[in-house]
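Working notes, structure below.
The values are calculated or read from the model by the stated rules, or taken from the named source; none is laboratory data. Remember, predicted model here, so these are calculated numbers, not experimental data. Counting neighbours? That spans all protein chains shown, and the Cβs are built from the backbone with ideal geometry, glycine included.
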């Protein structure tokens, strides 16, 4: 199956809140197209929502390596770290996200 079709399936499963199935489709997209940042972010969100926090963290760190100014990735990484009981690490990313968007730390 081509990358675009796999991505569409991943989006469909994500929208249906079937995050594990979404991740399975999106893993293939990221494997085939590692620079597809929208797929990588959606994969991270799928992992986050299915409590695969280590995998979510790895994807978000990859996004931030390629684009340190991605505010939503900082926000998601902060929330992922919070869920892993790593508040000190989370705070830095939450502050960056808030500064980049003009938002608050309350999300």
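Looking at this structure, is residue 12 surrounded by fewer than 17 Cβ atoms within 10 Å (Cβ to Cβ) and modelled with pLDDT under 95? Judged against the criteria, residue 12 is not a match. Going by the conditions given, is residue 73 closer than 21 Å to residue 19 by Cβ, part of a helix (DSSP H, G or I) and touching a residue at least 24 places away in the same chain (Cβ under 8 Å)? Here the answer is yes, as residue 73 does meet what is asked.
So that you can scan it fast, the table gives a plain yes or no per residue for (1) without any contact (Cβ under 8 Å) to a residue 12 or more places away in the chain; (2) under 14 Å from the mean Cα position of the chain (by Cα); (3) in a helix (DSSP H, G or I):
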site: 6; (1), (2), (3): no, no, yes
site: 31; (1), (2), (3): yes, no, yes
site: 39; (1), (2), (3): no, yes, yes
site: 43; (1), (2), (3): no, yes, yes
site: 48; (1), (2), (3): no, yes, yes
site: 57; (1), (2), (3): no, yes, yes
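Can you tell me which residue in the stretch 20-29 is nearest to the chain's Cα centre (by Cα), limited to those that are within 24 Å of residue 64 (Cα to Cα) and surrounded by fewer than 20 Cβ atoms within 10 Å (Cβ to Cβ)? Within the stretch 20-29, the match that is nearest to the chain's Cα centre (by Cα) is 27.
Within the bounds of the stretch 86-105, is there any residue that is in a helix (DSSP H, G or I), crowded, with 17+ Cβ neighbours inside 10 Å and within 13 Å of the chain's Cα centre (by Cα)? Checked the stretch 86-105: no residue is in a helix (DSSP H, G or I), crowded, with 17+ Cβ neighbours inside 10 Å and within 13 Å of the chain's Cα centre (by Cα). The residues of the stretch 53-69 that are surrounded by fewer than 19 Cβ atoms within 10 Å (Cβ to Cβ) and touching a helix residue (DSSP H, G or I) at 6+ places or on another chain (Cβ under 9 Å), listed by number, are 53, 54, 55, 58, 61, 62, 64, 66, 67, 68, 69.
Can you tell which of 2, 35 is surrounded by fewer than 20 Cβ atoms within 10 Å (Cβ to Cβ) and closer than 30 Å to residue 102 by Cα? Let's see the steps before the verdict.
Numbers: 2 fails: closer than 30 Å to residue 102 by Cα.
Every option except 35 fails the conditions.
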